[in-house]
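To start, the structure itself, in structure tokens.
Please treat every number below as a calculation from the coordinates, not as lab data. Values in this document were obtained by computation on a predicted structure and should not be read as measured data. Every residue, glycine among them, receives a Cβ derived from its backbone with ideal geometry; neighbour counts consider all protein chains shown.
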Amino acid sequence: MTLDDIAERWIDWAVSEPRVRALWVEAEDIKSLRRPYTSLCLHLTADEPEYPSVIQELSGGKARLGIPGLTVRGIHDTHRFAKELVLEAAGNVFTVIAEQSYLLAKRPRSAVVPLVDKTGHLPHVLDYSAKKGP
């Protein structure tokens with residue numbers, strides 16, 4: 001299973017999971033967002049009432065992602081009250097950062113590719129102030 005396969009499983013899960021409002025890939029530069037992925041940092045957002053249950057499910061490895069051997073290697077608090085999960089599957093280590101939807105505009109970002117957007121306005125609320133110039 002490659003990082004591309006893992007991303008596809010997360011997309012399927014985010015589409016079918018009503019608590020998840022959006023899922024995107026984030027990196028330091030646009031080249032790192034292209035497939036095939038050599039590293040993967042997924043971000044997801046949930047609204048406040050559902051956010052704690054999403055975190056609990058993901059942290060406990062109970063999300064029905066359909067990724068064989070998915071294990072949680074670490075959970076960390078991050079800037080602006082998000083949770084970073086370091087996960088591993090099929091020898092691939094990747095990161096998922098879960099954010100509360102009302103705080104999306106408060107975290108600086110460089111390069112983003114939306115994968116699932118149930119909000120209809122995800123690209124417009126993100127702060128791209130960490131983007132490097134030409």
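All conditions but one from (1) touching a Phe, Trp or Tyr at 6+ places or on another chain (Cβ under 6 Å); (2) of a type outside the set (A, V, I, L, M, F, W, C); (3) under 21 Å from Met1 (Cβ atoms) apply to Gln100; the one that does not is (3). Of the strands (runs of 3 or more DSSP E) that lie entirely inside the stretch 40-134, those containing 2 or more residues that are without any contact (Cβ under 8 Å) to a residue 60 or more places away in the chain and either of a type in the set (Gly, Ala, Ser) or buried (at least 17 other Cβ atoms within 10 Å of the Cβ) (or both) span 41-46, 82-89, 92-100. For Arg21, are the conditions met, namely being surrounded by 14 or more Cβ atoms within 10 Å (Cβ to Cβ), within 14 Å of the chain's Cα centre (by Cα), in contact (Cβ under 8 Å) with a residue 12 or more places away in the chain and within 21 Å of Pro123 (Cα to Cα)? It is true that Arg21 is surrounded by 14 or more Cβ atoms within 10 Å (Cβ to Cβ), within 14 Å of the chain's Cα centre (by Cα), in contact (Cβ under 8 Å) with a residue 12 or more places away in the chain and within 21 Å of Pro123 (Cα to Cα).
Summed over the stretch 73-98, residues that are closer than 18 Å to Leu23 by Cβ and not charged (D, E, K, R) total 12.
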